[in-house]
Amino acid sequence: MARDKPLDLLLLHAPSVFDFREKSIFYGPISDVIPSSTVFEMYPLGFLTILSYLQAQGMRVRIVNLAVRMMKDRKFAVRDFLASVHPSAVGIDLHWLPHAHGALEVAKLVKEIHPDVPVIMGGLSSTYFHQELITYKQVDYVLRGDSTEIPLHQLLLALKNHEPLDKIPNLTWKQGGLPRVNPMTFLPPSLDYVDLRMDLMVEMVLRYRDLGSVVPFVGWLKNPITAVFTVKGCAHNCATCGSSITTCGHLTKRIAPTFRGPDSLVANIVAHSRLMRGPIFLVGDLLQAGTEHAEAVLQRLKVADVENQIVFEFFDLPTIDFLRRIDASVRNWSLELSPESHDQKVRGAQEGEAPYDNQQFEEAILEALRLRCTRIDVFFMIGMPQQTYQSVQDTAAYCERLFEISDRRLSCFISPMGPFLDPGSRIFEAPEQFGYRMFARSLEDHRRLLVEPSWERILSYETQWMTRAELVDATYDAAEKLNQSKLKHKRISTRRGQTVAQRIRDARQLRARLAAGQGEASLQGEISKFSESTVCDKRELFWARHMVNFKIFGMLEALGRYCFRRPKAPAAP
Ligand code: B12
Ligand code: SF4
């Protein structure tokens with residue numbers, strides 16, 4: 001068998017807490033309204049843009065989702081796996097702060113096993129904490145910014161050719177053991193040079209005979225939702241967000257959002273639709289770029305006429321007219337809306353000023369339901385400024401009102417903001433000013449919090465309106481109310497509703513046992529079941545399944561490209 005080209009970059013995604021399989025930590029419902037679990041096993045979309053870009057430059061890249069492999073196979077030994085691969089460089093994402101523990105532990109293992117292989121970290125949290133991150137022995141390089149494909153390529157070439165590193169933009173590194181911070185000069189003005197190529201995922205599966213390493217989250221093969229990013233940065237200024245306009249101005253130096261061109265965006269949607277039938281999520285509010293831009297996207301979508309469901313999210317409320325335009329252009333569409341609270345005061349404190357009131361919100365919902373919109377998911381959050389326990393319960397009651405005025409296509413979700421405040425968000429930078437008290441500031445503080453025994457103690461903040469204990473109470477009480485409303489209005493089956501209700505009761509009991517000082521060891525193995533599907537059943541997040549989720553013809557095309565272009569490699573361990 002022909003020997004495969006050497007691996008230029010191995011991209012690793014760590015679990016949130018490295019040894020989660022041995023620990024008994026009661027994480028709570030912190031991941032109930034996202035597809036991944038409390039292990040936060042989803043890797044950044046940026047892994048796929050890095051893969052696409054570097055591969056187009058002739059480099060070989062492999063993505064290994066260690067978190068998924070560890071979840072799927074309790075015996076999967078990370079050390080043995082790492083010893084079996086021989087990449088020229090290793091990249092690890094510390095994009096989301098909840099990976100502060102796992103990402104650093106994986107980096108440590110890589111360094112132990114391959115002391116001469118450079119370890120490169122990247123992502124938004126790496127960017128925020130780059131000065132601290134570079135002081136860890138296991139970290140050689142940190143690439144800052146929200147777009148790293150090109151600087152990463154430059155870095156890999158420079159390392160290969162033993163060239164100087166002082167001109168590589170956005171790089172934090174070490175020279176003679178001392179930290180060096182190169183200026184942050186790379187900020188692409190357009191996003192059309194990168195793509196999210198799913199066919200390369202198929203190729204990776206074939207090349208390494210390894211499906212488990214590529215899937216974005218456990219359960220993805222049954223619910224293959226995919227995403228297309230439309231923007232970097234944001235025009236909004238939500239106080240808790242680590243990617244708001246204020247935060248980006250400091251962190252990534254992006255003072256205004258940059259939008260992906262309509263041609264590139266729709267071409268990417270079409271490419272996804274050739275491979276799979278699942279919904280395609282447009283990450284970011286198209287209207288942020290103005291109606292002309294959004295219209296241009298809709299026109300192209302109309303021509304493309306893909307059969308997949310297209311999921312639109314809006315940060316502001318779309319106008320009635322724009323909803324009608326979507327309906328006229330896309331045959332299968334749904335909406336994600338995040339008013340965060342029903343309470344104008346809270347919404348105003350979170351977003352600077354409340355962008356719309358409940359009446360306008362309801363009008364938009366009713367119009368979407370009058371049209372062909374197949375699904376509306378409405379998200380609310382707990383832990384915002386000015387938000388009291390009572391306000392959270394009133395939000396749950398407001399969900400009941402939404403159920404009353406709508407039909408089964410609409411569902412509501414409520415979840416706590418956590419486990420951490422986003423680094424660099426306006427609240428993170430000035431907690432007292434917003435009425436917050438923080439329990440962690442540095443990367444190391446957050447790393448330590450992650451291994452506390454319960455989510456009440458893992459939460460990195462409390463507010464002058466709710467202590468950590470009250471945030472937990474508010475969550476379970478609101479979740480109970482919402483679950484009852486969902487049952488009453490037939491948003492979920494009786495069985496599902498009863499299971500969620502039981503899980504909430506169990507989680508409360510577990511909390512009481514932990515508070516009573518019962519050793520964590522006595523709870524070994526029990527805890528994970530109290531941390532999932534408590535505030536809602538995770539399956540509510542997913543779309544109706546297809547008989548066959550993937551398209552045979554598209555897969556064969558990818559297979560053909562792989563067979564005729566590439567030599568075969570030995571199977572992955
Ligand atoms: C879409 C999105 C999601 C999607 C997932 C998308 C995904 N797989 O990446 C969903 C909804 C599932 C999600 C979940 C979560 N999210 Co989110 N998400 C976003 C959002 C809105 C857009 C991200 C995006 O489109 N990026 C574009 C892609 C192409 O770029 P990228 O992935 O960032 O990668 C580039 C760089 O970051 C960097 N990079 C990243 N990794 C690496 C690794 C290396 C080695 C290198 C060199 C570079 C590098 O280079 C990449 C290529 O240029 C941002 C906010 C925003 N407007 O940015 C929040 C955001 C990133 N999410 C955030 C959070 C907190 C979360 C959750 C922890 C929330 C929770 N408690 O559930 C979870 C974590 C999920 C998990 N890992 O399992 C925070 C992060 C704050 C922080 N610093 O920790 C953000 C900033 C804002 C927010 N509050 O939502 N999220
Ligand atoms: S939370 Fe607010 S600031 Fe952050 S990406 Fe969403 S709309 Fe923009």
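Does the range 116-131 contain at least one residue that is part of a loop (DSSP other than H, G, I, E, B) and within 8 Å of ligand 1 (Cβ to nearest atom)?
Yes, the range 116-131 contains a residue that is part of a loop (DSSP other than H, G, I, E, B) and within 8 Å of ligand 1 (Cβ to nearest atom).
Pairing residues of the range 412-436 that are farther than 14 Å from I30 by Cβ and near ligand 1 (Cβ under 9 Å from one of its atoms) with residues that are among the hydroxyl-bearing types (S, T, Y) and part of a helix (DSSP H, G or I), at Cβ distances under 7 Å and at least 6 apart in sequence or on separate chains, gives P423/S125; P423/Y128; G424/Y128; G424/T247; S425/T247.
In the condition set (1) without any contact (Cβ under 8 Å) to a residue 60 or more places away in the chain; (2) away from ligand 2 (no atom under 16 Å from the Cβ); (3) open to solvent by less than 50 Å² (accessible area, probe 1.4 Å); (4) not acidic (D, E), M184 is compliant with all but (1). Applying the criterion of at least 2 residues that are within 16 Å of ligand 1 (Cβ to nearest atom) and open to solvent by less than 40 Å² (accessible area, probe 1.4 Å) to the helices (runs of 4 or more DSSP H) found wholly in the range 227-332 leaves 245-251, 262-275. Against the definition (surrounded by 24 or more Cβ atoms within 10 Å (Cβ to Cβ) and either in contact with a Phe, Trp or Tyr (Cβ under 8 Å, 6 or more places away or on another chain) or more than 25 Å from L7 (Cβ to Cβ) (or both)), how does M121 come out, yes or no? In short, yes.
Does the range 484-504 hold any residues that are within 15 Å of R409 (Cα to Cα), under 27 Å from the mean Cα position of the chain (by Cα) and assigned to a helix (DSSP H, G or I), and which are they? Across the range 484-504, the qualifying residue is only K486. Among the residues making up the range 31-45, those that are open to solvent by 20 Å² or more (accessible area, probe 1.4 Å) and under 19 Å from L211 (Cα atoms) are P35, F40, M42, L45.
Out of all the residues in the range 190-210, is one or more under 18 Å from the mean Cα position of the chain (by Cα), of a type in the set (S, T, Y) and either assigned to a strand (DSSP E or B) or within 13 Å of ligand 1 (Cβ to nearest atom) (or both)? No, the conditions are met nowhere in the range 190-210.
Within the range 354-365, being closer than 12 Å to S406 by Cα and in a loop (DSSP other than H, G, I, E, B) holds for no residue.
Taking residues in the range 136-153 that are in contact (Cβ under 8 Å) with a residue 24 or more places away in the chain and within 16 Å of ligand 2 (Cβ to nearest atom), and partners anywhere that are assigned to a loop (DSSP other than H, G, I, E, B) and polar (S, T, N, Q), the pairs with Cβ atoms closer than 7 Å and at least 6 places apart or on different chains are D146/T252.
Residue-by-condition table, conditions (1) open to solvent by 20 Å² or more (accessible area, probe 1.4 Å); (2) more than 23 Å from G123 (Cα to Cα):
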{"site": "P6", "(1), (2)": "yes, yes"}
{"site": "H13", "(1), (2)": "no, no"}
{"site": "P29", "(1), (2)": "no, yes"}
{"site": "L54", "(1), (2)": "no, no"}
{"site": "M59", "(1), (2)": "no, no"}
{"site": "A67", "(1), (2)": "no, no"}
{"site": "D80", "(1), (2)": "yes, yes"}
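Condition (residue is farther than 20 Å from S406 by Cβ, assigned to a helix (DSSP H, G or I) and modelled with pLDDT of 75 or more) applied to the range 530-537: is it met by at least one residue? No: the range 530-537 contains no residue that is farther than 20 Å from S406 by Cβ, assigned to a helix (DSSP H, G or I) and modelled with pLDDT of 75 or more. Scanning the range 462-497 for residues that are among the polar types (S, T, N, Q) and under 17 Å from E540 (Cβ atoms) yields T475, N483, Q484, S485, S493, T494.
The values are calculated or read from the model by the stated rules, or taken from the named source; none is laboratory data. Bear in mind that the values here come from a model prediction, so they are computed numbers and not experimental data. In this analysis, Cβ positions are derived from the backbone assuming ideal geometry, glycine residues included, and neighbour counts consider all displayed protein chains. The area values use the complete protein model at the heavy-atom level, side chains included, leaving out ligands, DNA and RNA. Shrake-Rupley method; radii C 1.70, N 1.55, O 1.52, S 1.80 Å.
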